[in-house]
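The values are calculated or read from the model by the stated rules, or taken from the named source; none is laboratory data. Everything quoted here is computed from the prediction, not taken from an experiment. Cβ placement follows ideal geometry from the backbone for every residue including glycine, while neighbour counts extend to all protein chains displayed. With ligands, DNA and RNA removed, areas are computed over all heavy atoms of the protein, side chains included. Shrake-Rupley method; radii C 1.70, N 1.55, O 1.52, S 1.80 Å.
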Amino acid sequence: MTRTAWAFLATAASGVPAAFVWWAFARPSQWLATESGLVLTEGNAQGRFQVVAVFTLVGLALGLVAGALVQRATRPSRWSTVVGLVAATVAASLVCWRLGVWLGPPAPQEATGLEVGDTVPAMLAVDAVVPFLVWPLTAVLGYTLALYLGSDGVDERDEADAASTDELSERSGR
């Protein structure tokens, strides 16, 4: 297997630790048990946004790091590397999402033995497409930044040798 394939596999597998980070930091909405059943009050509903925001921030961080690391590990840069990076980060986001839902609390409707005033956490859920798009877009951004801000293999010694060669050429031309 090539270094590029390993880099893509590692990027896709990074969805597993990302799921644990999402699960650890996400604070889902709290359903309130009332006499008439479970109710999601306005004050408790803010967790719904927070869960999606944490998923997005995890994807943003992972995407930037993955993009930069893939660019460094898979030189020379090719367009197929960017396509593979996009596919790997989409896979990582899906792994994170599914594993996070599995790790998170069960559906509130499954809670039993509740008394009035008890709270039940909602499931971890991402109900929009945009958070999933953040992962590959920031990976491409990280890749691009690493490509253009990196030295591209130019060593300072190579620059010094080139300068001394130019100096030697000037002296010999006299």
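At 1.4 Å probe size, put ARG27, ARG75 in order of accessible surface, largest to smallest.
Numbers: ARG27 140, ARG75 85 Å².
Reading off the accessible areas and sorting them downward yields ARG27, ARG75.
Leaving out ligands, DNA and RNA, and with a 1.4 Å probe, what % of the accessible surface on the stretch 27-146 is carbon or sulfur?
On the way: 4470 of 6520 Å².
After summing per-atom areas, the C and S share lands at 69 percent.
Quick one: grab the alpha carbon gyration tensor of the stretch 1-83, order the square roots of its eigenvalues as a ≥ b ≥ c, and give me rounded if a/c is under 1.5, else prolate or oblate depending on whether a/b is larger than b/c. Don't skip to the end; give the middle numbers.
Working: a/c = 4.59, a/b = 3.59, b/c = 1.28.
Prolate, because a/c is 1.5 or more and a/b exceeds b/c.
Quickly work out the LEU38-to-GLU110 label distance, labels modelled 7 Å from Cα along the C-beta direction, and quote it in nm with one decimal.
1.0
What does the accessible area per residue of the stretch 1-131 come to in Å², with a 1.4 Å probe and no ligands, DNA or RNA counted? Display every interim value, and only then the final one.
On the way: 7460 Å² over 131 residues.
Each residue of the stretch 1-131 exposes 57 Å² on average to a 1.4 Å probe.
Separation between the LEU141 and LEU9 pseudo-spin-labels, each 7 Å from Cα along Cα→Cβ, expressed in nm?
Taking the two extended label points, one gets 3.0 nm.
Within the stretch 1-110, list the trypsin sites (Lys or Arg not before Pro) lying in a DSSP loop whose Cβ has at most 15 other Cβ atoms in a 10 Å radius.
Values: sites: ARG3, ARG48, ARG72, ARG78, ARG98; in loops: ARG78.
Answer by residue number: ARG78.
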